[in-house]
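Nothing in this text is a laboratory measurement; each read-out follows from the coordinates by a stated rule. Treat the numbers as computed from the prediction; the structure is a model and nothing was measured. Note that each Cβ is placed from the backbone with ideal geometry, even for glycine, and that neighbours are counted across all protein chains shown.
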Amino acid sequence: MIERYRDLIIIYEKDVAYVISCDSLGAIGSKENDVLKVDEEIVGRATIKVALAEALCIGARPIVISDTLAVEMEPTGKRIIEAIKEELKENGLADLLLTGSTEENFPTSMTGIGITVVARAKLSDLKVRKAKEGMLVSLLGYPLVGSEVIASKDVLQLKDYVAISQSKEIIEAIPVGSKGIAYELGILEEISGLKVERNIPSHIDIFKSGGPSSSCIIVHEKEAPSIVNLLDKPFNSIGKLIPSNI
């Protein structure tokens with residue numbers, strides 16, 4: 001069976017599931033027409049984090065990564081690929097198979113990159129449709145975008161998503177994407193069949209873009225799961241799951 005689950009594709013085979021996630025980035029880099037000027041290292045690390053975060057958050061272990069770079073190999077593509085490899089190595093994922101392509105036929109004046117991740121998990125390990133009535137909903141990090149991501153220390157990193165994936169206390173986890181917290185809460189309600197009784201702190205904008213998965217919604221049972229101390233990132237309670245008819 002194959003299903004679309006949030007932004008993921010899940011392929012079920014007996015007691016194993018294969019998860020496909022992806023992310024793209026454009027107009028961010030050091031080329032002439034890039035809107036946000038940053039080094040290629042940031043481009044590689046940020047984009048690979050987002051694609052991996054989606055798979056990690058449902059408990060899947062990445063096995064293959066494909067990078068499709070709309071830039072030349074020398075020097076831009078090579079720098080991005082080196083950043084991707086370094087990010088994987090630093091987070092215990094150096095054993096993943098990496099393949100990809102670059103643009104060698106035409107000159108490019110703007111950076112573009114796409115990442116696809118193939119991951120695998122036992123069905124029993126998938127953090128999918130596990131949310132239940134009475135469970136708490138919280139936010140790790142803050143929704144940040146553009147230059148805010150570079151300046152802030154509150155951005156969730158790949159190491160944080162690896163920890164989230166391994167935490168038994170986190171029942172479900174949802175990286176916040178460009179559509180914002182409100183959208184992701186709506187998807188959680190739709191999938192769980194429950195309602196999020198919202199209690200959003202005034203300093204959190206639930207309609208703001210989450211940028212490169214700078215924050216993550218988590219569903220848990222304890223008031224303050226121990227992972228909060230391990231990650232050293234902002235933690236805010238934002239609601240509780242209640243019956244949808246209330």
*Which ³J(HN,Hα) values, rounded to whole Hz and listed in residue order, are derived for the stretch 150-156 from phi using the Karplus coefficients 6.51, -1.76 and 1.60 in 6.51 cos²θ - 1.76 cosθ + 1.60 with θ = phi - 60°, glycine and proline given as x?*
5, 7, 9, 8, 8, 6, 5
*Derived scalar couplings ³J(HN,Hα) [the stretch 121-132; Karplus, 6.51 cos²θ - 1.76 cosθ + 1.60; whole Hz; x for Gly, Pro]*: 7, 5, 4, 5, 8, 5, 8, 10, 6, 9, 5, 10
_the stretch 2-82: GluC sites (Glu not before Pro) in DSSP coil with no more than 13 other Cβ atoms inside 10 Å_ = 32
*Mind checking the alpha-carbon convex hull of the stretch 136-243 and giving the volume per residue in Å³?*
91 Å³
*For the chain, what is the percent of antiparallel DSSP beta bridges, rounded to the nearest 5?*
90 percent
*Taking springs between alpha-carbon atoms closer than 10 angstrom, which of 195, 89, 233 fluctuates most in the Gaussian network model of the chain?*
89
*How large is ³J(HN,Hα) for each residue in the stretch 57-71, as worked out from phi by the Karplus curve 6.51 cos²θ - 1.76 cosθ + 1.60 (θ = phi - 60°), to whole Hz, x for Gly and Pro?*
5, 9, x, 9, 9, x, 10, 9, 10, 10, 10, 10, 9, 8, 9
*Please state the Cα pair-distance histogram of the stretch 19-161 with 5 angstrom bins from zero: what percent is in each bin?*
2, 9, 18, 21, 18, 14, 9, 5, 3, 1, 0, 0
_Burial ordering of 130, 240, fewest other beta-carbon atoms within 10 Å first_ = 130, 240
*Long-range amide H contacts for residue 72: which residues qualify at under 5 Å (H placed 1.01 Å from N, peptide plane, sequence gap of 5 or more or a different chain)?*
77, 103, 108
*Distance from the stretch 16-30 to the stretch 162-197 (C-alpha centre basis), Å*: 19 Å
